[in-house]
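Peer 1: Before I ask anything, let me first share the structure, which is written out below as structure tokens.
A short reminder: the numbers here are calculations on the coordinates, not readings from a lab. The structure displayed is predicted, hence computed values, not measured ones. Every residue, glycine among them, receives a Cβ derived from its backbone with ideal geometry; neighbour counts consider all protein chains shown.
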Amino acid sequence: MFGVFQRTTMLRTALRHLSKSPPPPVHSQMQFLARGPCLQSVSLSHKLHVGADGSRSSPAAAPHRLPFSRITEEDLALFREILPGRVITDPDLLQSSNEDWLKSVRGSSEVLLRPQTTQEVAKILSYCNSRNLAVNPQGGNTGLVGGSVPVYDEIILSTSLMNNILSFDNISGILTCQAGCVLENLSLYLEERDYMMPLDLGAKGSCHIGGNVATNAGGLRLLRYGSLHGTVLGLEVVSGSFKSAGINSLRRRRKDIFFSFSADCPFYIVIETSGSDSDHDSQKLHNFLEEAMTSSLVTDGTIATEDSKIKALWSMRERVTEALTHDGFTYKYDISLPVERIYQLVTDMRQHLGNRARSVVGYGHVGDGNLHLNITSPAKDPALLASIEPFVYEWTAKFHGSISAEHGLGLKKRNYIYYSKSRSAVELMGDIKMLLDPRGILNPYKTLPDHLK
Ligand SMILES: Cc1cc2nc3c(=O)[nH]c(=O)nc-3n(C[C@H](O)[C@H](O)[C@H](O)COP(=O)(O)OP(=O)(O)OC[C@H]3O[C@@H](n4cnc5c(N)ncnc54)[C@H](O)[C@@H]3O)c2cc1C
């Protein structure tokens, strides 16, 4: 399938580097209260975190619990005072927040906090720091690397009630909103005003803009509009979580064209173009398609101009992630590679695994050099995992790729960081984390390798 959308906007094109740095520690700590008195611990049961492969031997498995305090009745009372009616301790309600979207990792937090304002977040984090209580900020919980859920009993700090759009300036295109705004809601809001978000991704109906910024999500428009961080004009940071983000939106004066193959092809491509002069853009697109068809580079396709058709065609691409969850347990890799190598990893992996895997599937963002490699099996299979890793990382390092293209490192990839980053770069990341979060209470066990915790 080969699809082309053309969008006419006022903005420039921006290209992206092939390999994206892993996300920095996403939480900053501005100011902390001193440690409080030692409180009596509530007796709680703590289930062991289930690692990506269900075994303790893998570098992706959870490390041992760090010596954070346990939640007490006094802590809960204080949280209830700060957030009346918004402290969740019902295990049934907590279940979905303890488990990630892929259902591949699960924590055992017994407290979910739902602040609505910056002040509330600040009070909670100051208190947690003083008590040495670990905190896991959570947006839409669509992350794919185990970063969004607790590993043990970390307090879940959800931004789901911080979902207000604070302002929109239709001259500059600047949108200011709270961290918990769902990406799709922001898109719809802007579309009504003839603007668009510079970011789009398959999880848009659930993910929050705060989570997008924390992971520096790539998505479907990265090649055209560049890294999300480049369009974020400012953040209001509160000891690691933030309330509002100023996002530069794009003016939406568009003409959409889609081109899709119906034949059974080895590759299916969707292209969306964007420019400032619709006549000129149409001409360029026409020339491109003519050349591609004449040279037999493409064999079939369609062009879409209506919004509904464009959305339907995009949804086929956006729902690949979901479709794979129906093929069994999925080992997921998010790799960036020089574009000429992008599919070679899929074919080499197929050959390497033979019939040990059910499917080896590759899709992604070809313009960004970003490959989503998915290997499925009927169930979790430690022997299969041992055949995939470290092969996949060694292969990627050999061809100068990055082991994390856009999903980040989270829990699952933290100990593989040296395949892509030098020791000195990782040490620097550790120093920055230490500076901003000296007690390491913010999303522990994630991003940095275990020896830096
Ligand atoms: C179907 C599907 C398609 C996807 N497609 C893409 C894609 O194209 N490109 C891509 O990059 N990703 C993609 N993802 C992954 C995921 O959607 C993104 O990483 C997204 O940005 C996560 O946002 P979230 O709100 O769900 O964050 P969560 O999953 O809740 O959290 C992710 C991380 O951000 C931290 N965090 C969340 N909110 C805050 C905050 N306010 N302050 C500080 N830290 C915070 C969390 O602690 C965690 O470490 C996809 C996921 C799915 C399920």
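Peer 1: What list of whole percents do you get for P(r) of the range 124-163, with Cα-Cα distances grouped in 5 Å bins up to the one holding the largest distance?
Peer 2: 6, 23, 27, 24, 14, 6, 0
Peer 1: Using bins 10 angstrom wide from zero, how does P(r) for the range 146-224 break down, in % of all Cα pairs?
Peer 2: Answer for the range 146-224: a P(r) of 17, 47, 27, 7, 1 percent.
Peer 1: Just the number, please: Stokes-Einstein D of the range 298-367 in µm²/s, Kirkwood Rh from C-alpha pairs, 37 °C, 0.692 mPa s.
Peer 2: Details: Rh = 14.6 Å.
Translational D for this selection: 225 µm²/s.
Peer 1: Once you have the Cα-Cα distance between Ser276 and Val339, take 0.36 nm times their residue separation minus that, and quote the gain in nm to one decimal. Intermediate results must be reported in sequence, preceding the final value.
Peer 2: Working: separation 63, 0.36 × 63 = 22.68 nm, distance 2.71 nm.
20.0 nm is the gain from fully extending Ser276 to Val339.
Peer 1: Let me ask something else about it. What fraction, in whole percent, of alpha-carbon pairs in the range 185-244 exceed 13 Å separation? Provide the component values of the computation, followed by the final result.
Peer 2: On the way: 1126 of 1770 pairs.
So the pairs more than 13 Å apart make up 64 percent of the total in the range 185-244.
Peer 1: Out of residues 5 or more away from Gly275 or on other chains, whose amide H comes under 5 Å of its own, with H placed 1.01 Å from N in the peptide plane?
Peer 2: The list, which skips near neighbours in sequence, is Arg7, Thr8, Thr9.
Peer 1: Now a separate question. Could you state the principal axis extents of the C-alpha atoms in the range 320-419, from the largest down, to the nearest angstrom?
Peer 2: The Cα atoms of the range 320-419 stretch 31, 26, 26 Å along their principal axes.
Peer 1: Provide the gained length on full extension for the span Phe391 to Met316, in nm with one decimal, where the gain is 0.36 nm per separating residue minus the Cα-Cα distance. Please list the in-between numbers first.
Peer 2: Values: separation 75, 0.36 × 75 = 27.00 nm, distance 3.02 nm.
Full-extension gain reported as 24.0 nm.
Peer 1: Compute and list, largest first, the equivalent-ellipsoid semi-axes of the range 84-123 from the alpha carbon gyration tensor, each √(5λ) rounded to a whole angstrom. The partial results should precede the final answer.
Peer 2: Numbers: eigenvalues 102, 29, 11 Å².
After scaling each eigenvalue by five and taking roots: 23, 12, 8 Å.
Peer 1: I need the phi-derived Karplus couplings for the range 348-354: 6.51 cos²θ - 1.76 cosθ + 1.60, θ = phi - 60°, integer Hz, Gly and Pro marked x.
Peer 2: 5, 5, 4, 5, 5, 8, x
Peer 1: Lys and Arg at +1, Asp and Glu at -1: add these up for the other residues within a Cβ distance under 15 Å of Asp348 and post the number. Provide the component values of the computation, followed by the final result.
Peer 2: Values: positive: Arg341, Arg350, Arg356, Lys398; negative: Glu340, Glu389, Glu394.
The answer is +1.
Peer 1: So what J values fall out for the range 93-98 if you push phi through Karplus, 6.51 cos²θ - 1.76 cosθ + 1.60 with θ = phi - 60°, rounded to Hz, Gly and Pro as x?
Peer 2: 6, 6, 3, 5, 7, 7
Peer 1: Suppose R0 equals 56 Å. What FRET efficiency, 1/(1 + (r/R0)^6) with r the Cβ-Cβ distance, do Ile432 and Thr302 give to the nearest 0.05?
Peer 2: Details: r = 48 Å, r/R0 = 0.86.
Once the sixth-power term is evaluated, E becomes 0.70.
Peer 1: Based only on Cα atoms, what mean projected area does the convex hull of the range 254-411 have, in nm²? Each step should come with its number before you reach the end.
Peer 2: On the way: hull surface 44.6 nm².
Across all orientations, the range 254-411 yields a mean hull projection of 11.1 nm².
Peer 1: Loop-only check: which trypsin sites (Lys or Arg not before Pro) in the range 373-432 are DSSP coil with at most 11 other Cβ within 10 angstrom?
Peer 2: Counting only loop positions with at most 11 other Cβ atoms within 10 Å, none of the trypsin sites (Lys or Arg not before Pro) in the range 373-432 qualifies.
Peer 1: With θ set to phi - 60°, apply the Karplus curve 6.51 cos²θ - 1.76 cosθ + 1.60 along the range 59-70 and write out the HN-Hα couplings as whole Hz, x wherever there is a Gly or Pro.
Peer 2: Using θ = phi - 60°, the values come out as x, 7, 5, 5, x, 5, 4, 7, x, 7, 5, 9 Hz.
Peer 1: Calculate the translational D of the range 67-219 in whole µm² s⁻¹ from Stokes-Einstein, where the hydrodynamic radius comes from the Kirkwood formula applied to all Cα pairs, the temperature is 37 °C and the viscosity 0.692 mPa s.
Peer 2: Numbers: Rh = 16.4 Å.
This corresponds to a translational diffusion coefficient of 201 µm²/s.
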